[in-house]
Amino acid sequence: MEQLSSSKPLRTSYYLIPDNLEVTTQLISDNVCDAHDHDFYEIFYVLNGNMKHSMNGQETQILSIGDCIILTPNDTHCFSTINDSIHRDLLISRSLFENVLSITLNGKKNISEILSSIPPIATFSISELIELENIAHNFTRNDDSDIKRGYGISLFVNIFLKFLQPIQKSNNSTLSLSERILDCLNKNNHIQGGISSLAKELNYSQTYICQAFKKQTGTTLSQHIKNLRLNYISYYLKTTNYPLEKIANLVGIESLPYLNKIFKEKYNMPPIKYRKQFKIISEDA
């Protein structure tokens, strides 16, 4: 059983979290972090690359893009990067974490019961990561403490709801066809194959799933997939050094001129300019 080296854990303290906010977030690109624990709650999710992570002396896990973990004040963990990974940390004071969770779940369970019932890892799709990053960027860009705190809480709640999804699905296993389509699209392999891949997965004709999706959502399936692909392209431009040809292949677009055209229509600039303006990792990562 492989484990990351963990000598006596270091204590990470509240001073990292501003008193007037009780929550903060940051991007982390450290290559190695020695074993440590906290006197607050920590949530992190991987934005790019892969990392090794070990918690409470258990077997080392390999985490990939979208993988998310919640750490309590009782947990000790350490990590190291495999290929220049970058992840987002969300630090939350005990009081804020427990109060928000109690309100969100209407006080139905205590904190220990809630945390023991959720899966150890939740995995976000690229689309979901984009939504989380939009909230995080709003947190970073605002100077007003009340507004920042609101965005921090929103980021926490949106992440935690993802951990509750398996429980909610087990309580309500009947999904409409459009919900099943959306669920499939959240699995990144289906964004590349598009409608034909979805039809094969769901065992319906392409015409039928297109008609059902339009009837149930009011939006055409092709337009929804186009928007998803543009979101994915935006994400890859900001968080990777992938050439445009590779990004096009990842999202299932064969024509680079077409990719440039639809990207410019949505973002009012070509992909290369967008990358230079919004990239969040260094050129050599």
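Where a number appears in this text, it was derived from the coordinates with a stated rule and is not lab data. Bear in mind the structure is a predicted one, so any value in this text is a computation, not a measurement.
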Nearest 10, in degrees from 0 to 90: the angle of helix 206-217 to the longest Cα principal axis of the chain is 60 degrees
Kirkwood radius from Cα pairs of the chain plugged into Stokes-Einstein at 10 °C, 1.306 mPa s, gives D in µm²/s equal to 77 µm²/s
Out of Leu250, Leu175, Leu198, a Gaussian network model of the chain with alpha-carbon springs under 10 Å gives the largest mean-square fluctuation to Leu175
Longest principal axis of the chain (C-alpha) makes with the long axis of helix 221-239 (C-alpha) an angle, in degrees to the nearest 10, of 50 degrees
extent check for segment 209-266: Cα max minus min per principal axis, descending, whole Å, gives 39, 22, 19
Violations at 31 Å Cα threshold for listed pairs Lys52/Lys279; Lys148/Lys266; Lys214/Lys261; Lys52/Lys276; Lys214/Lys276; Lys214/Lys279 -> Lys214/Lys276; Lys214/Lys279
Listed by chain and number, the residues whose amide H is under 5 Å from that of Thr76, excluding neighbours fewer than 5 places away on the same chain and using placed H, are Asn56
Once Lys226 and Asp143 are pulled to full extension, the length gained, defined as 0.36 nm per residue separation minus their Cα-Cα distance, is 26.4 nm
